[in-house]
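Peer 1: Next up is a structure, given as structure tokens.
Since every read-out is calculated from the coordinates, none of them should be taken as a lab result. Keep in mind it's a predicted model, so treat the numbers as computed, not measured. Cβ placement follows ideal geometry from the backbone for every residue including glycine, while neighbour counts extend to all protein chains displayed.
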Amino acid sequence: MMHNTQPFALTIAGLDPSGGAGIIADVSTFVHFGVRPAAAITSLTFQNSERVFGATHETADSLRAQILPVVEEGRIAAVKIGMLPTAELVLEIARLLTETDLPAPVVDPVLQSTSGYALMEKEAVEALVTELMPLARLLTPNIPEAETLTGLQISDEADMREAAAMIRTMGAQAVLIKGGHLNDESERSAIDVLDGDGDVKVLTGEWIESPPVRGTGCILSSAVAACLARGMSLEESVVAGKEFVAQTIRQEAGLTQRIASDSGNTAGR
Ligand code: PLP
């Protein structure tokens with residue numbers, strides 16, 4: 001009998017029951033890229049497309065119990081880590097990454113929702129910096145997240161490069177700072193700075209004018225993990241991930257042919 005040889009990617013993230021972000025967005029992205037999804041929940045959140053109402057978090061034990069049996073089967077080719085609300089969970093993930101042969105993860109430092117709800121406690125951010133960053137294959141902060149992690153103020157490409165270099169000295173193998181939140185509108189043309197192994201690339205993309213689309217950080221980091229699982233290089237994975245996010249934003253904003261003609265309007269959701 002032929003076995004399915006498609007690689008698995010594992011997302012370790014929060015569950016957003018409305019499907020806009022978190023595990024559901026990650027799993028859909030893995031499937032889009034032809035990678036089989038595995039998932040462990042860090043937090044069961046209560047939210048809809050407008051706002052977050054609360055969450056109940058997993059414990060270190062329940063997170064370990066979800067992940068270990070899956071890891072022991074040895075089929076995980078890439079890992080994406082999203083919402084890690086407590087220091088307890090950050091430390092447990094760091095232990096699991098050190099003790100097992102899980103691949104170095106793509107870490108999306110999810111600090112707060114687009115609507116402003118804190119998804120990570122302060123102690124958890126500290127633990128992320130000291131314990132998890134040094135184990136990351138790639139860290140994918142947006143500008144506000146990079147500012148929190150480095151203490152720098154970031155308002156242009158030079159600041160993004162400086163923050164990226166600093167995050168690498170804090171231990172991450174590579175960092176992608178996403179420029180979508182730059183204050184300077186003229187620089188906003190979706191520039192991202194990828195600093196990998198000392199090699200800095202500025203990636204530019206089309207700026208798509210649209211209302212905020214939820215889950216883009218989740219989608220980008222899981223797309224990169226999926227492409228890594230398929231054996232693509234880090235830079236190829238980031239470029240493919242960016243393109244998929246752009247396509248998702250265009251679709252959400254009703255800018256694609258299919259959505260525009262299906263719904264007869266261009267207002268998105
Ligand atoms: N909820 C969960 C479980 C998430 O993982 C994230 C982001 O990663 C969010 C909410 C925030 O998403 P958004 O920025 O779309 O509000």
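Peer 1: Specify, per residue and in Å³, the volume enclosed by the convex hull of the alpha carbon atoms belonging to the stretch 1-101. Let's see the in-between values first.
Peer 2: Numbers: hull volume 10.0 nm³, N = 101.
Once divided by residue count, the hull of the stretch 1-101 is 99 Å³.
Peer 1: State the Cα centre-to-centre distance between the stretch 124-181 and the stretch 1-60 in whole Å.
Peer 2: 23 Å
Peer 1: Pull out the extension gain between Glu209 and Ser233, defined as 0.36 nm times the separation in residues minus the alpha carbon to alpha carbon distance; nm, one decimal. Write out the running numbers ahead of the final one.
Peer 2: Values: separation 24, 0.36 × 24 = 8.64 nm, distance 2.97 nm.
That works out to 5.7 nm of additional length.
Peer 1: Now, a different point. Pairs of alpha-carbon atoms within less than 8 angstrom and 6+ residues apart define the contacts here; what relative contact order does the chain have, in percent? Walk me through the numbers before you get to the answer.
Peer 2: Details: 543 pairs, mean separation 43.8, N = 269.
Reported relative contact order: 16 percent.
Peer 1: Follow-up. So what's the stretch 111-161 giving for Rg/Rh, alpha carbon basis, Kirkwood Rh from the mean inverse pair distance?
Peer 2: Details: Rg = 11.7 Å, Rh = 12.0 Å.
In the stretch 111-161, Rg relative to Rh is 0.97.
Peer 1: Check the stretch 8-267 and count each lysine pair with an alpha-carbon distance under 21 angstrom, considering only pairs eight or more places apart or from different chains. Write out the running numbers ahead of the final one.
Peer 2: Working: Lys80/Lys178; Lys80/Lys242; Lys178/Lys201; Lys178/Lys242; Lys201/Lys242.
Lysine pairs satisfying the spacing and distance rule in the stretch 8-267 number 5.
Peer 1: Based on the mean of other Cβ atoms within 10 Å per residue, sort peptides 170-176, 32-38, 200-206, 238-244 so the most packed one is first.
Peer 2: Values: 170-176: 22.1, 32-38: 18.0, 200-206: 13.7, 238-244: 20.4.
Per-residue mean Cβ counts within 10 Å order the peptides as 170-176, 238-244, 32-38, 200-206.
Peer 1: Could you calculate the contour length gain from Asn48 to Ser28, that is, 0.36 nm times the residue separation minus the distance between their Cα atoms, to one decimal place in nm? Present the calculation step by step, with values, prior to reporting the outcome.
Peer 2: Numbers: separation 20, 0.36 × 20 = 7.20 nm, distance 1.79 nm.
Full extension from Asn48 to Ser28 adds 5.4 nm.
Peer 1: With +1 on each Lys and Arg Cβ and -1 on each Asp and Glu Cβ, and nothing else charged, work out how big the dipole of the chain is about its Cα centre, in Debye to the nearest 20.
Peer 2: Working: 19 positive and 36 negative charges, 161 e Å.
Its charge dipole is roughly 780 debye.
Peer 1: Let me ask something else about it. Over the chain, what is the percentage of antiparallel beta bridges among all DSSP beta bridges, to the nearest 5?
Peer 2: So the antiparallel bridges amount to about 45 percent of the total.
Peer 1: Mind checking the log10 I(q)/I(0) for the chain at q = 0.08, 0.15, 0.17 Å⁻¹? Debye, one equal scatterer per Cα, no solvent, two decimals.
Peer 2: -0.30, -1.11, -1.44
Peer 1: Rounded to whole Å and sorted largest first, list the principal axis extents of the Cα atoms in the stretch 93-177.
Peer 2: 39, 28, 17
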